[in-house]
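Single-structure report; data block below.
The values are calculated or read from the model by the stated rules, or taken from the named source; none is laboratory data. Keep in mind the model is a prediction, meaning the values are calculated, not measured. Using ideal geometry, Cβ is built from the backbone for each residue, glycine included, and neighbour counts are taken over all protein chains shown.
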2 protein chains.
Amino acid sequence: MSAAQVWSVDPRTGKRREQVAVEATAEDVDSAVRAAHSARGSLADRAVRAAFLRTAADRLDAAKERLIETADAETALGSPRLPGELARTCYQLRAFADIVDEGAFLDVIINHPDDTATPPVPDLRRYKVPLGVVAVYSASNFPFAFSVAGGDTASALAAGCPVVVKAHPDHPATSELAAECLRRAAVEHGIPEAVVGLVHGFEAGVELVKHPLITAAGFTGSVRGGRALFDAAAARPVPIPFHGELGSLNPVVVTESAAAERAEQIGTGLAGAMTLGHGQFCVKPGLVLAPTGEAGDQLVKSLADAVATTGEGVLLDHRMRDNFVAGVAERAALPDVDAPVAPGAGDEHTVSAGFLTVPAARLAAEGEHDVLLEECFGPVTVVARYEDDAEVKAVLSRLPGNLSATVHLSSDEAEGKGDGAAILAELTPLAGRVLVNGWPTGVAVAPAQHHGGPYPATTSTSTSVGGTAIERWLRPVTYQSTPEALLPPELRDDNPLGLPRRVDGRPEH
Amino acid sequence: MSAAQVWSVDPRTGKRREQVAVEATAEDVDSAVRAAHSARGSLADRAVRAAFLRTAADRLDAAKERLIETADAETALGSPRLPGELARTCYQLRAFADIVDEGAFLDVIINHPDDTATPPVPDLRRYKVPLGVVAVYSASNFPFAFSVAGGDTASALAAGCPVVVKAHPDHPATSELAAECLRRAAVEHGIPEAVVGLVHGFEAGVELVKHPLITAAGFTGSVRGGRALFDAAAARPVPIPFHGELGSLNPVVVTESAAAERAEQIGTGLAGAMTLGHGQFCVKPGLVLAPTGEAGDQLVKSLADAVATTGEGVLLDHRMRDNFVAGVAERAALPDVDAPVAPGAGDEHTVSAGFLTVPAARLAAEGEHDVLLEECFGPVTVVARYEDDAEVKAVLSRLPGNLSATVHLSSDEAEGKGDGAAILAELTPLAGRVLVNGWPTGVAVAPAQHHGGPYPATTSTSTSVGGTAIERWLRPVTYQSTPEALLPPELRDDNPLGLPRRVDGRPEH
């Protein structure tokens, strides 16, 4: 039997562009993982891997034109999105190179012997070591930043872990190009190209998470797919950490006084956020709690005006288009649900943006409207109109975990007059990122970023964006009573590598 | 149907001492978890919870006599072990109070807006918040330090998480007394006593890990029990982190030249480590690779001499005694396995310490001898005699994850002459703590400690001993573009709480 073909498909036409590869067999997956495992020692030197990450960014930069053209042909994400996403991806690789150079992620802690402790403390020196080969599952909606050369790969390589990436079927050609850039960069630094493995195919993805030499996994995708892989990771004879970002509704609360102050601005801003990238962001605001009454009406009107002018768009693939059309139809058909601008099918390849409204009371208790509390991928949001704070609280209490939660406050509330702090305290348990007077779309790459949240937003307490994403691929090791001559240089008293560390309770930089 | 009775049993006689409680029903578990959840706000203030932890230590200190007497009657661990363990437990509570006061665990990272980043960075402020109610599963072998008032509880309360503890059936009366001390301490600080829940019974433990308001679990115990609970935690509709310490062989390598230099000292030291607490430590050295030849023979002889003088001992309960007797009999019956001092049954309540020897070649490939690579709880170890380094490597490559791995080196090797560094590099992937010229028994409570290791040593990359154990019960949250007036004080620019933090890439203390 010949291996299944992997085709690059143009979502604008639904037509096959080119055959990129064949699906990886179990043997192919095994080879890729073993080769990556054998190459892990080549990433041991921090200076080498920092240089590798920077060269990887340079290589992607240099291949910019071809990468963007290919990604556009496969995803229809267009410009300025794709150039921006590629720039972000390169920035991220370089940011991780800086993190590797600084070495704070090694979390060096040294305790010299202390006989006054109970029990006495011997010489203990702790730092973090890479876990081993990491499986990376690419996202559909970020062909660069959450795919082959994206944040999971960048942070894993920064930690010293080789990766085997499962390409997303929506952009196999882009995946191959990106992998090629990374591999060339590796070779330039004397690192075997096997530190970046790439496999295609659904079954290959399942094989990958089960492979005995895989030590951890990063995933960005749907609740269904992510949960299946999470379950497989947990069911292994040796379970592994599975850092999955699965789904998020990203609730937004608009207070009465915020609506009274700037209904139009909020309505227009919301339209921009929910239609950005045709609503194909994991941080798209999917549920907005807006007051009933005149100001709320004005907000809805502004939203409607802005969304109505949004042109039709092409989603990442036709399955997503069909799911979107079916999903919005199911939601729009519910009692008391209106569609001031109806979302749905455009031509045979496109969809049109829209939004739904519903009385918040409909969401306050379990019932058929619960589907409105599930993410619907694409350009749609649900505006739930509330009568009072009790309804807001009731709806918030019914939400699953989220990547983000947002509140729009009036100027007075933002200055601390009113319930602003109380609302923030209510939103905090729901999400990993809490925003005031902004929109969750746009996830900055920064040390203070947290892109994660209570399940199903993520399957762990980790982030997939920002400097601390590196923590996912490390484990601590402590050396006890180990002679200076045998200690890794990271742990020696004279600190030959100049690492930030904590010695006998005191931070040193 | 009346609830099942929970009895305190004296392992020295196998007789029931007193009925302590009844097993918790599903309703009891639900009540305990809900009460703990409702009380979580009372732990929000760091100063209050630090004071609570210190008072808890004081209360345990004050109840010392009764606690030790009760624990001894239930576990037969005696003195100096139990007074030492209680002192360690109090030290640990106070150490976590210091950690709470210092606040570095909040991991505060602030990024002010930066338009030069790609994409631009808005105002981002990240710190860590408590997860919620934590389920703690007590260990049999540490009635204080890994039980009701032990490291999991101390670190969870320090993080701001209430706990519901599943008592171990080997020491229910001690568990009740310890819980009472903690609760009284709570009440002294205006904290509801429900922040320390306590339930008894196997089924209650299963209910606990499945409860929707449980947000994480800590466990110390067997591979079988721990894995079952890990699986239940992973299978929940909302999976939770399960930090389990399940089992460890704790390999020890004695080099040829170390044996040549001090065979007797190593043999005697090993006898002490493997019989300490009747071998009932998770860090008991369970497999020792010693050279064939004269020096190795001397090591074995010294070990035999020392072990032979060890009196019979009472294990924690009769089931453990039976498992030990059956386990050593199964191992001793294998071909080529000798028992220079035969471990096994003593009188009807005791066991006698011993050890087995086997040619290392027998462990180098899969076969019936694989049972020697499984932990056998109690006073027994396996000395595998190796011919050359290749055999050492072959055996090490077959080991599962461990809490500790130890090497004994000669003076020259310790000074860097020889293969010391290479052996350490081989041991590092196997364990969370690597020791040179020491014994793994004795796990100091210190910031640089790591008590964890690759599965099955632990089910996560975390530690259950030492300052970083607090990280298990926290998750990061980032506030974006949040006005100063609404920020938690931990994240304000003027740093009113004087927390250590990282601002725009620079550490501040």
> In the list A:385, A:398, which residue meets the criterion of being more than 10 Å from chain B (Cβ to nearest Cβ), modelled with pLDDT of 95 or more and surrounded by fewer than 18 Cβ atoms within 10 Å (Cβ to Cβ)?
Replying inline: A:398
> When the stretch B:109-126 is examined, which residues are found to be out of contact with any Ser or Thr (no Cβ under 7 Å at 6 or more places or on another chain) and facing chain A (nearest Cβ under 9 Å)?
Replying inline: B:109, B:110, B:111, B:114, B:117, B:118, B:119, B:120, B:121
> Hey, residue A:383 hits all of (1) under 19 Å from residue A:291 (Cα atoms); (2) not in a strand (DSSP E or B) but one; which does it fall short on?
Replying inline: (2)
> For residue B:371, which of the numbered conditions (1) farther than 17 Å from residue B:290 by Cα; (2) within 14 Å of chain A (Cβ to nearest Cβ); (3) surrounded by fewer than 23 Cβ atoms within 10 Å (Cβ to Cβ) fails to hold?
Replying inline: (2)
> Looking at A:219, A:281, which one is modelled with pLDDT of 95 or more, within 14 Å of another protein chain (Cβ to nearest Cβ) and part of a loop (DSSP other than H, G, I, E, B)?
Replying inline: A:281
> In the set B:270, B:229, which member is more than 14 Å from chain A (Cβ to nearest Cβ), touching a residue at least 12 places away in the same chain (Cβ under 8 Å), out of contact with any Cys (no Cβ under 9 Å at 6 or more places or on another chain) and not in a strand (DSSP E or B)?
Replying inline: B:270
>> Filter the stretch B:296-327 down to the residues that are part of a helix (DSSP H, G or I) and under 24 Å from the mean Cα position of the chain (by Cα) and list them by number.
In response: B:318, B:319, B:320, B:321, B:322, B:323, B:324, B:327
> How about the stretch A:441-470: which of its residues are within 22 Å of residue B:115 (Cα to Cα) and out of contact with any helix residue (DSSP H, G or I) (no Cβ under 7 Å at 6 or more places or on another chain)?
Replying inline: A:442, A:443, A:444, A:446, A:448, A:449, A:450, A:451, A:466, A:468
>> Under 8 Å between Cβ atoms, which residue pairs at least 6 apart in sequence (or on different chains) link something in the stretch A:140-156 that is under 15 Å from residue A:67 (Cα atoms) with a partner that is of a type in the set (Asp, Glu)?
In response: A:142/A:85; A:143/A:74; A:143/A:85; A:143/A:170; A:144/A:85; A:145/A:85; A:146/A:152
> Limited to the stretch B:74-88, what total is found for residues that are closer than 18 Å to residue B:151 by Cβ and either facing chain A (nearest Cβ under 9 Å) or not in a helix (DSSP H, G or I) (or both)?
Replying inline: 4
> What tally of residues in the stretch B:1-52 results from selecting those that are exposed (fewer than 15 other Cβ atoms within 10 Å of the Cβ), among the acidic types (Asp, Glu) and out of contact with any Ser or Thr (no Cβ under 6 Å at 6 or more places or on another chain)?
Replying inline: 1
> Across the stretch A:130-145, what is the total count of residues that are within 14 Å of chain B (Cβ to nearest Cβ) and closer than 25 Å to residue A:192 by Cβ?
Replying inline: 6
> Which residues, counting only those in the stretch B:428-445, are within 9 Å of another protein chain (Cβ to nearest Cβ) and outside any loop (DSSP other than H, G, I, E, B)?
Replying inline: B:428, B:429, B:431, B:432, B:433, B:434, B:435, B:436
>> Out of B:173, B:167, B:104, I need the residue that is among the small types (Gly, Ala, Ser) and within 14 Å of chain A (Cβ to nearest Cβ). Which one?
In response: B:104
> Can you pull out the residues in the stretch B:222-262 that are over 21 Å from residue B:427 (Cβ atoms), small (Gly, Ala, Ser) and touching a helix residue (DSSP H, G or I) at 6+ places or on another chain (Cβ under 6 Å)?
Replying inline: B:232, B:233, B:234, B:244
> Within the stretch A:446-499, how many residues turn out to be within 9 Å of chain B (Cβ to nearest Cβ), part of a strand (DSSP E or B) and either touching a Leu at 6+ places or on another chain (Cβ under 9 Å) or free of Cβ contacts under 8 Å to residues at least 40 places away in the same chain (or both)?
Replying inline: 5
>> With among the hydrophobic types (A, V, I, L, M, F, W, C) and more than 23 Å from residue A:467 (Cβ to Cβ) as the only criterion, which of A:97, A:139, A:71, A:57 stands out?
In response: A:71
> Do we have any residue at all in the stretch A:408-427 that's within 19 Å of the chain's Cα centre (by Cα), more than 9 Å from every other protein chain (Cβ to nearest Cβ) and either assigned to a loop (DSSP other than H, G, I, E, B) or over 19 Å from residue A:289 (Cβ atoms) (or both)?
Replying inline: no
>> Any residue at all in the stretch A:75-84 that's assigned by TED's automatic domain parsing to the domain that holds residue A:204 and in contact with a strand residue (DSSP E or B) (Cβ under 7 Å, 6 or more places away or on another chain)?
In response: yes
>> Whether any residue in the stretch A:431-453 is closer than 27 Å to residue A:275 by Cβ and over 20 Å from the mean Cα position of the chain (by Cα) is what I want to check.
In response: yes
> Going through the stretch B:193-216 one residue at a time, which ones are within 14 Å of chain A (Cβ to nearest Cβ) and assigned to a helix (DSSP H, G or I)?
Replying inline: B:209
> Looking at B:427, B:491, which one is within 30 Å of residue B:115 (Cα to Cα) and out of contact with any helix residue (DSSP H, G or I) (no Cβ under 7 Å at 6 or more places or on another chain)?
Replying inline: B:491
>> Against the conditions (1) within 14 Å of chain B (Cβ to nearest Cβ); (2) out of contact with any strand residue (DSSP E or B) (no Cβ under 8 Å at 6 or more places or on another chain), where does residue A:71 fall short? Just the number, please.
In response: (1)
> Mind checking which pairs have a first residue in the stretch A:190-213 that is assigned by TED's automatic domain parsing to the domain that holds residue A:148 and a second that is buried (at least 23 other Cβ atoms within 10 Å of the Cβ) and among the aromatic types (Phe, Trp, Tyr), Cβ under 6 Å, 6 or more apart or different chains?
Replying inline: A:191/A:52
